[in-house]
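Accompanying notes for the structure given below.
The values are calculated or read from the model by the stated rules, or taken from the named source; none is laboratory data. Worth saying up front: this structure is predicted, and the values here are computed from it rather than measured. Please note: Cβ atoms are built from the backbone with ideal geometry, for glycine as well, and neighbour counts cover all protein chains shown.
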Amino acid sequence: PKRPTIWATALVSLISVGLITPQPTVGETTIAQQQESAQEQLTKAEQLSQQAWVLKEQGKYSEAIPLAREALRIRQQVLGEEHADVATSLNHLAELYREMGRYSEAEPLYTQSLEIYRQLLGNEHLYVALSLDNLGLLYSSMGRYQQAEPLLNQALEMRRRLLGNEHPSVALSLNNLGELYYSMGKYQQAEPLYTQALEMRRRLLGDEHRDLASSLNNLALLYQSMGSYEQAEPLYTQSLEMRRRLLGEEHPDVANSLNNLAVLYQSMGSYEQAEPLLNQGLEMRRRLLGNEHPNVATSLNNLALLYQSMGSYEQAEPLYTQSLEMYRRLLGEEHPSVATSLNNLAGLYYLMGRYQQAEPLLTQALEIWRRLLGKEHPNVATSLNNLAGLYQSMGRYQQAEPLYTQALEMFRRLLGNQHPDVAKSLNNLAELYRAMGRYQQAEPLYTEALEMYRRLLGQEHPNVATNLNNLALLYESMGRYQQAEPLLTQALEMFRRLLGQEHPNVATNLNNLAALYQVMGRYQQAEPLLTQSLEIYRRLLGEEHPDVAKSLNNLALLYQLMGRYQQAEPLYTQALEMWRRLLGKEHPNVAYSLNNLAALYKSMGRYQQAEPLYTQALEMNRRLLGEEHPLVALSLNNLAILHHSQGNIEQALEFLETGLDIQELNLERNLVAGAEKQKREYIKTISGTTDAAISLHLNSAPDHERAAGLALTTILRRKGRLLDFLTHSQQLLRKRLDFQSQKLLDRLNNTRTQLANLTYNRPDKLPLEEYRNQLNELRNQEQELVAKISRRSREFAQINQPVTIETIQQLIPEDTALVEFVEYKPYNPQEDSFGNPRYAAYVLRSQGSPQGMDLGEVDALKPLWEILELSLQDKGVTIPQLKQAGRKVDEKLMAKVRPLLGDSSRILLSPDSYLNLIPFEALVDQDNRYLVESYGFTYLTSGRDLLRLSNPNPKLTQPVLLGAPDFDNSAQTTALGEENQIVATRSLRDFNPSELSLSPLPGTLEEVNAIAKMLGVEPLLGAHANEAALKQVTRPRILHIATHGFFQNRPEKEELTNGDNALLWSWLALAGIKNNKPDNDLEDGIFTALEATGLNLSGTKLVVLSACDTGLGNISAGEGIYGLRRALVIAGSESQVISLWNVNDTATKYLMVSYYQGLQDNQGRSEALRRIQLQMLGSPEYQHPYYWASFIPSGNWRSMAID
C-alpha cells in the first residue's frame, strides 16, 4: 500500500523559533558644542534617535526609519561626516533596515559606520568590535556565512584583547559566533561556544540575569535542532522561569520563552502542552506590544503551524492569513517574513491538496527571497525545495526534479557538503525518485543522507529515524523485505525513545511496519499495529485528518486480504470521503482510495461497482502522476484482471498489454540498482503479472493469437533477464578502455578471488566468528562493486532494442524452432489466487504466430525425471529400462510440443528451473528413437539470447587449451596483484581437497595434446595449468579446459545465507590444489564459477569444459542455473559445451577429439557435437547415453567459420 512518508521536511517553516540575541546599542553621546543652535539641533537628534528606538522596540519600523534618518542628517550637518555620533546613527539606521529585511540598504550603512570608528578610534576599539559584530550578523542573515565568520571572529578576538578573557561582551561575541555556526548547521562547533558563553555569564553576572536567560534559550534551541529534546526542555523552562523572576510575568522576553517552549513541545508531538503556551505568548504580545507588531504576527504564524501539525487545517488557515496580512502592513510587501509567511500558507494548502492555491504563493515567496537576498541564499534553496515538493505531489515530476537538484546544489555551495539541510535535500530528491519508481537513483541518496545525519546529529535523532523509515519504504517498493523490516523497527524504537509513545511519527511508523507485514502476508502481526496507529492519530490529531484516513484505508486493506469484506467496506468508504473532504477530489490519495475500494468490490464479485472506480483511479493517476508511473501500471493491471474475471478477453488484453509495457519500462530503469540478490528481489515484485499473462492465455483463451503473443512476449522480456543485464553491463565496460571502468572490473575480480579463496581456506588460527565477519565484509564489497558496475555501464549503454516476438523471429533460421519452457503459477482472477507451479511451453518459428501449451504440474514431472537422471548416470541400467524412463519424461514434455515443430530439424531449447538438468537428446519418442536421432539441440537461457548472439565481436587471440593439471604443484611463482595477497594457510577442517577423488586424468593429457596439435597451439599442462594462467587469458577464440569439475549441492535455505554467491559452489580443480604450504599466498587451485565471471572472454567463440558436473549449479526459476555456464556467459563467451554428470575419461577424450575434427571441417558448434553423439550411439562400446548424452551445447550453434 502507498503510504505518505514522514518527510524530513517538505515545507520548511522558517520563522517558528526566534533566536534572541541582545543587540548591543552604542552608548550615550555627550559632545560639548559651542553654538547654542548646534547644541539644540544635536539635542533634537538625540530625541529623534531615542523615539526611533522606542518605535523599533514596538515593531513600528516604518515609523522609526524617517526619525532615524533625520537624526543622522542633523548629526552629519552639525558634526561633519567623520564623527563617532554619526557612526552611531548610521549603525541605528542600519539596524532598522536589517529588521525590515532591507539588507542591501543596511550593508553600506554598517560599512560606513565601521570605517568611521576605525579612522577616529583606531583599529583596536570596542566600537570597532561592535561594528564588526553587527556587520557579521547582517551577513549571517543574508546567508553570506563565508563573509560573516571572519568578522565575528575578529570581534571576539578584539574584545578578548581589550577586555580580557572574562567579560560580558566576550560572552556576547561567543554567543553570536555560536549562532552563526548554528545557522550553518555546524552544531558540533556551535555547542562549545554557547556553553562557554553561558558559563561566563554565570560567573560574571551571577545566576540571575537577563543575558543568562538568553544563553539558556539559545542552547536549548541548539539541542532542539539536534533532536536532544530531553536536554532542551529543562533549559527552556529555566530560561522562562528566570525571565519571569527578573522581568515580571508580563514582558516580551517572557512571551518569547513561552513561544520557544511551545515549539519544542510541538516537535515532540505534545500538542496539548504546546497550545496553551502559544496562546499565552500571543495574548501577552498583544497586551505589551499592541495588536499590530511583527512578534504578534510571528505568534499567529506559530499557532497556525501547531494547528497544521494537528491536522486542524480549518483553524490554521485564518491564522496564517492574519499573520501574512500583518507582516505586509508592518514590514511592506518586500520582507523575508512576508516570504516566509507565504511559504507557510502554501505549506498548509499543500497538505490540504489545494495545489492550485499553493503554487502562486510559493512562487511569490521565491521571487521575494531572490530580490531581497540574491539568487544564492539558503532561503532561496528552501523555496526551490518546497516548490519541487509541491510539483512532486501534483505528479509533475519533470518539473520537480530540476528544482530539487538546484536546491541541493545551492545548499552544498552555501552550507558546505556536510549540513542537515543538505541531508534533507538528498532525502527529498530520493523521495521523488522513489515516487517515480526510479529506485536505483533513490537508494544512494537515501544512504548518503542517512550517513550525513548520523555524523552531524548523532545516532539518535528524529531525522535519522525518519531517514531509516524512508529507506525502508524504498526497500519495500523494491521487494527487499528482509532489509526493510529491521530499518522500520529501528526507526520505531528511536521515535519512541526520542518523542515518547504518543507522537504522530510513532503512529506513522507503526502504520508503515504493519503495511510491510501485510505485503509479507504476516496479517496477525499487522492488525494490532494498525489499530494502535489509528488510535494514536485519533487522540493526537482528532477524527478528521489525512493520517486518520490513511490508517482507516490500511486497516480496510488488511481486512480485505484476510477476507473480512464486511469490515473492510465501511472503512474504505470513510477513508475515501475523508480524503475528498480534506484534500479535494483530485489527489493521488483519492485515486489510491478509489482503486482499493474497487479491488474490494471485485473480490466480492460486485464487478459492476468495481469497474467505474478502477477507471476513475486510472484516469486520475494518469493526470496526476504521468503515463509511466508504477501506479498507472497497477491501475491498468487491475482493470485487466477485472475483465479477465468476467471473460472479456479482448479488454483484458488491451489493459494488460499497456500495464506490462509500463512495468517493462520501469524494470529496465531499476535493474541498475543494487547487487544481484536485490535485482532478483525487484524482479520478484512483478512476477505476478508474468503468471497472469501466461494464465490468461493458457487457461482462459488457449486459441487466442494475441493472448499467446502477450504471454510469450512477457516471458522473453523477463526470463533470464538478470543474466542478460549482468552480461550486458560487464561487456559494455570491457569494451571501454577508460581507466575507471577497467579499475572497477579489476577490483571486482580481485574481491571475488579473495572471497573464493577464503571460502575454501579458513586460516587455522582464525576464530569462526572472525572468519564469518571477513567473509561478510568481502561479500558486501563484492555487492557494492556489482552495483557500481551496473550504474557505470548504464551511463553509456546504447538504448536496448525492445524485445518483441518480431525481433526474435527474424533471428530464427527457417529449419529451426525456438521452444521456450517456463515454470509458472496459474492465476485465478476470480479468486485472486495462485495455484501450484506448472510447466508450459511456447514454440516460435521464423514464420507464423507463437503456439503455447500447458504441460502439467512441476511436482508430477519430478519423480519421472529423477528416475531418468539415475538411469542416465548408471551404465549398468539396461538400454530398454533406460529408454522406458526417457519415454515417460518425453510424454510429459516433448510429445506435446512435437506437433507444433512442423518440419524443423533444429531446436533452440530454453529450459526453465529443473528442466535445465535434462539432456533432451536422450528423451525417447513414440517410435522408440532418441530425440538426438531426429533433432539437433542447442540450449539457451531464453529466446532473448538470440539478440545478444547476433552482435558482432572484436578481434580474438589464439585458442587456449589447459588440462591435466598437476594437483600437487603449481608453476605460479608470483601473486597476481597486491589486492590478491591472501593468507591462504589451509584449514583442513572445513574442506580438504586431498580427500577428494582427484585421481590423475591420463585421458585429458592425450585429449589436450591431440586438440592442441589440430589447432596449432602450445597447451598449458601439468603445473602450468594453474589459476593465474587461466585468469590472464584475453579473448581467446577458443578456451578448452580438461580437468575435474565439482558442484557442491547446498541446501536451498543456505544458498540464501551466501548472499549472491551461489556461484561459489561450482568449481574446477587446477594445478596446486593439494599443495598446502602455509607460506603459500598464491592462487589456491580451486577455480570457482564466481571467479570465472571475471575472465575476459568478450566474443570468445567457444568454451569447452571437458570435466564432470560443469553444467550443474543452484537452480533459480526464471534465471536458469547458477553455475559455470552462467559465469562463462557473463564473461562474454558466445557458446559453451558443458557436462551434466560425471564423465568417463576415455569416452570423453574420444568425444572431444572427434568434436574438434568436426569443428575443423566447419560443422556448426552444436551440429558437430550431435554428429559425434550419433556416431557413439551407433557403436557397441559407447551406445549407452551415459557416454554420449552428458555434454550439451549452449549459446551460438553456427559454424565458427561463418561467424
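Things worth noting here:
- Identity of the residue in the range 863-885, part of a helix (DSSP H, G or I) and in contact with a Phe, Trp or Tyr (Cβ under 7 Å, 6 or more places away or on another chain), that ends up surrounded by the fewest Cβ atoms within 10 Å (Cβ to Cβ): TRP865
- Any chance LEU473 is part of a helix (DSSP H, G or I), over 26 Å from SER270 (Cβ atoms) and either basic (Lys, Arg) or out of contact with any strand residue (DSSP E or B) (no Cβ under 8 Å at 6 or more places or on another chain) (or both): yes
- Scanning the range 47-105 for residues being within 27 Å of GLY122 (Cα to Cα) and hydrophobic (A, V, I, L, M, F, W, C) gives a total of 13.
- All positions within the range 741-771 that are farther than 24 Å from GLY1094 by Cα and either in the same structural domain as ASN1061 (by TED's automatic domain parsing) or part of a helix (DSSP H, G or I) (or both): LEU768, GLU769, GLU770, TYR771
- Residue count, the range 583-608 (criterion: part of a loop (DSSP other than H, G, I, E, B) and either of a type in the set (Lys, Arg) or at positive phi (or both)): 4
- Residue satisfying condition, being under 23 Å from VAL170 (Cα atoms) and among the acidic types (Asp, Glu), within set GLU275, GLU208: GLU208
- So ASN505, is it buried (at least 24 other Cβ atoms within 10 Å of the Cβ) and polar (S, T, N, Q): no
- Taking residues in the range 859-875 that are closer than 17 Å to GLU823 by Cβ, and partners anywhere that are among the charged types (D, E, K, R), the pairs with Cβ atoms closer than 7 Å and at least 6 places apart or on different chains are LEU861/LYS892; LEU864/LYS888; LEU864/LYS892.
- Qualifying residue in the range 760-778 (condition: closer than 28 Å to GLN440 by Cα, hydroxyl-bearing (Ser, Thr, Tyr) and at pLDDT 75 or above): no
- Scanning the range 494-553 for residues that are closer than 23 Å to GLY227 by Cα and of a type in the set (S, T, N, Q) yields GLN501, ASN505, THR508, ASN509, ASN511, ASN512, SER533.
- Single match in ARG328, ARG245, ARG287 (criterion: modelled with pLDDT of 90 or more and touching a His at 6+ places or on another chain (Cβ under 9 Å)): ARG328
- Residue check for PRO826: in contact (Cβ under 8 Å) with a residue 12 or more places away in the chain and either outside the structural domain of ALA693 (by TED's automatic domain parsing) or among the acidic types (Asp, Glu) (or both): yes
- The range 1086-1104 - residue that is modelled with pLDDT under 90, surrounded by 24 or more Cβ atoms within 10 Å (Cβ to Cβ) and among the aliphatic types (A, V, I, L, M) and, of those, nearest to ARG1165 (Cα to Cα): ALA1089
- Within the range 415-429, at least one residue is assigned to a helix (DSSP H, G or I) and surrounded by fewer than 22 Cβ atoms within 10 Å (Cβ to Cβ).
- So SER169, is it of a type in the set (Gly, Ala, Ser) and surrounded by 20 or more Cβ atoms within 10 Å (Cβ to Cβ): no
- Residue, farthest from LEU258 (Cα to Cα), within the range 222-236, restricted to residues that are out of contact with any helix residue (DSSP H, G or I) (no Cβ under 7 Å at 6 or more places or on another chain) and of a type outside the set (Asp, Glu): SER228
- Failed item, numbered, when GLN847 is tested on (1) surrounded by 15 or more Cβ atoms within 10 Å (Cβ to Cβ); (2) not in a helix (DSSP H, G or I): (1)
- Filtering ARG69, ARG73 for residues that are out of contact with any Leu (no Cβ under 7 Å at 6 or more places or on another chain), in a helix (DSSP H, G or I), at pLDDT 90 or above and not polar (S, T, N, Q) leaves a single hit, ARG73.
- Hey, ARG203 farther than 29 Å from ALA381 by Cα, of a type in the set (D, E, K, R) and surrounded by fewer than 22 Cβ atoms within 10 Å (Cβ to Cβ) or not: yes
- Some residue of the range 918-926 being within 19 Å of PHE821 (Cβ to Cβ), surrounded by 15 or more Cβ atoms within 10 Å (Cβ to Cβ) and modelled with pLDDT under 95: yes
- Of TYR271, TYR236, all but one fail to be of a type in the set (Ser, Thr, Tyr), at pLDDT 95 or above and surrounded by 20 or more Cβ atoms within 10 Å (Cβ to Cβ); the exception is TYR236.
- Restricting attention to the range 553-569, the residues being in a helix (DSSP H, G or I) and free of Cβ contacts under 8 Å to residues at least 12 places away in the same chain number 2.
- Candidate set: the range 368-394, residues that are part of a loop (DSSP other than H, G, I, E, B) and not aliphatic (A, V, I, L, M); chosen: the one surrounded by the most Cβ atoms within 10 Å (Cβ to Cβ): HIS377
- Of residues in the range 526-545 being of a type in the set (A, V, I, L, M) and in contact (Cβ under 8 Å) with a residue 60 or more places away in the chain, the one surrounded by the fewest Cβ atoms within 10 Å (Cβ to Cβ): LEU541
- In the range 353-367, residue modelled with the lowest pLDDT [restricted to those that are among the aliphatic types (A, V, I, L, M) and surrounded by 22 or more Cβ atoms within 10 Å (Cβ to Cβ)]: ALA358
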